[in-house]
Amino acid sequence: MVKNEKQHIEKTRAKQGFPADSPEPYKIAASTPFDFGAKNLTPYGGLFPVSTMLEKLGFKKLIEETLTIHRIPRVMTIYQFLLGMVLAIYVGFSRLNHLRFVAQDPMLIGILQVGKLPPQCTFWRFLTSLPVTVAQQLLKLQRLLRERVWEAANVQLPSITLDTDTTVHTLYGRQMGARKSYNPKNKGKKSYQPILTFVAETREYIGGELRNGDRPTGAQIARHLEAVFAAVPRCVRKIFGRADAGSIVGMLSRRMRSTRLPSSSWRARPRVCSKS
């Protein structure tokens, strides 16, 4: 029987057996030279300076002392997981699925001291295994890091201004907690209404809460502000607040007598309120 090679082409066989061992991670130590001469840090060229800054701030030690996680992962440590996600956010990634684009990046895996990043499902299993109490511990970690950054940068603000407002996050499909409320861009669609607070002088995020789509009540706003006041650095002596007079300040004034916030410190006037 004669075979025509043009009609009968054998397929390339798949490689079998165990894959080759991954190379050793890149070693980046204190003696590794680095320099930066531009005006602003770029996402793809500033990972090593950011990692050096976190190391000088004692980020690893703070994680070990603040977070209480009993389930220890095998592929990476808790510090490596959190540092990898922080650096991914700095690069500009908003989803864990985007980590596959830098899974073998020499700079990133050199900072994390691993051969390559684990897949997305490993990161999700790590986040799912965290208990609910870790959320408050992360807020405490954020507060301690903010104090250290202000101290290292010699930022001594005697007074700050807090900008508090709600935002609209439109939802699609059947999501738990979705409500039809104020949504100017997508009228009639369900959404969430998170409460966010920022420091006006430094533009820092200082506190927030993911809520359902209902309008926030005075008790919810007061509870949110109490958590924000606890996260303010200790050097601050006086706090000014700006908010929507029609919603936040108005409902907060109705809850002054039933909350722990001193009624003499808050004034319901358009977009300005103060606490000392």
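The values are calculated or read from the model by the stated rules, or taken from the named source; none is laboratory data. Nothing here was measured: the structure is a model prediction, and the numbers come from that model. Counting neighbours? That spans all protein chains shown, and the Cβs are built from the backbone with ideal geometry, glycine included.
Candidates in the range 80-95 are the residues that are touching a residue at least 12 places away in the same chain (Cβ under 8 Å) and surrounded by fewer than 17 Cβ atoms within 10 Å (Cβ to Cβ); of these, the one that is nearest to Gly115 (Cα to Cα) is Met85. When residues in the range 205-228 are screened for being surrounded by fewer than 17 Cβ atoms within 10 Å (Cβ to Cβ) and of a type in the set (A, V, I, L, M), 3 of them pass. Do we have Leu112 as crowded, with 18+ Cβ neighbours inside 10 Å and in contact with a helix residue (DSSP H, G or I) (Cβ under 6 Å, 6 or more places away or on another chain) here? So Leu112 passes the test.
Just checking, which of Thr133, Thr128, Thr166 is within 30 Å of Ala227 (Cβ to Cβ), in the same structural domain as Gly188 (by TED's automatic domain parsing) and hydroxyl-bearing (Ser, Thr, Tyr)? Of the residues listed, the single one that is within 30 Å of Ala227 (Cβ to Cβ), in the same structural domain as Gly188 (by TED's automatic domain parsing) and hydroxyl-bearing (Ser, Thr, Tyr) is Thr166.
Screening Thr202, Thr197, Thr122, Thr161 for residues that are modelled with pLDDT of 85 or more, assigned to a helix (DSSP H, G or I) and either surrounded by 12 or more Cβ atoms within 10 Å (Cβ to Cβ) or not hydroxyl-bearing (Ser, Thr, Tyr) (or both) leaves exactly one candidate, Thr122.
Checking the structure you have, find out if any residue of the range 142-158 is in a loop (DSSP other than H, G, I, E, B), of a type in the set (A, V, I, L, M, F, W, C) and within 13 Å of Pro233 (Cα to Cα).
Pass one, the range 142-158, residues in a loop (DSSP other than H, G, I, E, B): 153-158.
Retained after the next criterion (residues that are of a type in the set (A, V, I, L, M, F, W, C)): 153, 155, 157.
From what is left, the residues that are within 13 Å of Pro233 (Cα to Cα) are 155, 157.
There is at least one residue in the range 142-158 that is in a loop (DSSP other than H, G, I, E, B), of a type in the set (A, V, I, L, M, F, W, C) and within 13 Å of Pro233 (Cα to Cα).
This table checks each residue for (1) of a type in the set (A, V, I, L, M); (2) at pLDDT below 85; (3) in a helix (DSSP H, G or I).
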position: Gln80; (1), (2), (3): no, no, yes
position: Leu83; (1), (2), (3): yes, no, yes
position: Tyr90; (1), (2), (3): no, yes, yes
position: Val114; (1), (2), (3): yes, no, no
position: Pro118; (1), (2), (3): no, no, no
